[in-house]
Each structure stands twice: as C-alpha cells, then as structure tokens.
Amino acid sequence: MPKSKREKIVHLTKTKKKGKEHKNTLVSKIQESVDKFERIFVLSAKNLQNSLIKEIRDEWLHSRVFFAKNSVMGHALGYNRDTEYKRNLHKISLRLHGPAGLLFTNSTEDEVLKWFEEFKRETFATAGDVAPESITIKAGELKTFQHTMEEHLRSLGMQTQLNAGIIMLLKDYPVCKKGQPLTSKQAKILKLFGHKLFTFKVVVECMWSKDKYKAYTVAEETTTDESRKSKIKENEGSANEDSGEDSGKEEDMAVNEIDDDEEDDDDDE
C-alpha cells in the first residue's frame, strides 16, 4: 500500500531555533530598558537555577531582569566607546562573564544592594560541582522512602533490600568526598536524601546610572589593558555571530532558553 503523503512524523522534542530576529528583539528590549530605567546592575551567581531566576524576577516585577547570552546583552550595550548605546555602558558589558544578568530598575542603590545581600537560598549540588564536604549515608532503615523506591536506590549503586515493606541500607554508603567533583549519580543521591551543599547568592558586580559607572568588586580593575582589548574583540566577534544565523551553541543553555522566553512573556503582560 503506498504511503500517504499526508502522514508526517512530528518530533515532539524538536524546538525551533532562535535566530537573528529573536536576538534583535532582545537587543531592542535591553536598549529600551536603558532608556526607561535610571540604574543598571550587573548580577553574577554560581549554581544558577531557573527556579531561582524566576524568584528574583517575581520580587522585581517593578523592574526588568535579563538573564540571556552574555554576548547578546553586551552587544546591546556596546563593547567600546564607539559602539556603546550610552556613555560608559561598555564598562558594564566587560563585566558580563559566566552566569550573569542585568537588572534595570528605578530603585535606589542602597535598596538593591540590601535586597541582594539578604537573598540567599540553600541549593542542591549538580554534576560537576566540587563537594564542599564528605557525605556518608549510614546503614539501617530508610523510612523516608516508599518501598517502590528500593529498585531505584539499587540502580544508583546503594546496597538495599526490602524488609516488611521498609527499605534497608545494608551497609554505610559513602556518597562523596570533600574536594572531588560530583557525578550525576552522586548528585541524584544527595538530592534524594535532602543534602543541600551549596548556598545560592547573587553578587552585585557594578552599577551604571546617568552615564556614570561604579564597581563593587575588583574583577575588572585587576585585568590588564591587553586582556581588556582581547575580551572586547572576542565578545564583538561572538555578538556578530549571534546576530546572524543561529549556530545552535547556547551559553548556559538550560537557563537561557527558558529565560529568553520569559522575557517575551513579560511584554505580553
């Protein structure tokens, strides 16, 4: 029987790539925020998670928060005096490295610094994180788990068995050692047993307001002129690539994919 031309295979996991139009829209939103708000703050953090970014956004609904690709955000602000959107904004672009974001707000400097100083959350470790301490699960009854979890715990390498519907850990299980990077299995076990090894904290790197720039950390001041020029050239090249066809290589992929979509949702409100 001939195959119907109407039949089409739809891959549910396939997503549409974000190309030039999406990045140009994001650049426009950032530049509009520069005109709308009095102050810009560069935020950086380790162990960045989407749930925490959402919490920050929810607390700053009167402002605007961007966690997107650093190269795109830097391109919107400009990387030197010739390309910067407003005076001294290129200094903000130079502070965008690693997991970073931009906060546009009319709140005072003291209000912003105080809020982020107090904003701390305990978080679970992920694969690749270095264990800050050694963790061992003691042998005995695991009453916090239902009997249906026994097979899953064994698949993670733990020696367990069921006894009258209760999971028994037959011997002590060393999950991780201090100073060693965690595997995905180790991270899963730590999460299952509720061990939050890290504290999520946002660092406010610097501020821009009315053409004036102010640094709170010394990261930029310790770099040499040659390294600054090299970084400008590297970021400008990256931004130009982002402005063309989407290469499919995302920086901080999971975070940025979700958060760019949230930026679109903000405009719809």
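The values are calculated or read from the model by the stated rules, or taken from the named source; none is laboratory data. Computed from a predicted model, the values in this text were never measured in an experiment. Remember, those area values only see protein heavy atoms, side chains included, never the ligands or the DNA or RNA. Shrake-Rupley method; radii C 1.70, N 1.55, O 1.52, S 1.80 Å.
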Fill in: For region 123-223, diffusion coefficient by Stokes-Einstein and Kirkwood Rh (Cα), 37 °C, 0.692 mPa s, µm²/s
200 µm²/s
Discussion item. If you split all Cα-Cα distances of region 164-207 into 5 Å bins from zero, what percentages do you get per bin, shortest first?
Written reply: 5, 14, 19, 19, 14, 9, 8, 5, 3, 2, 2, 1, 0
Fill in: region 98-182 - Rg (one decimal) and Dmax (whole number), Cα, Å
20.5, 61
Item to complete: Heavy atoms only, probe 1.4 Å: what % of the accessible area of region 84-138 goes to carbon and sulfur, would you let me know?
Response: 47 percent
Discussion item. Translational diffusion coefficient of region 23-82 at 25 °C, 0.890 mPa s, Stokes-Einstein with Kirkwood Rh over Cα pairs, in µm²/s as a whole number.
Written reply: 192 µm²/s
Worksheet item: Quick one: accessible area per residue over region 22-88, 1.4 Å probe, rounded to a whole number of Å²?
Response: 43 Å²
Worksheet entry | region 105-150: Cα Rg divided by the 2.2 N^0.38 Å rule of thumb | 2.11
Worksheet, complete the sentence: Of every Cα-Cα pair in region 51-98, the percentage lying beyond 12 Å is 64 percent
Worksheet entry | Probe 1.4 Å, protein heavy atoms only - accessible area per residue of region 117-177 in square angstrom | 63 Å²
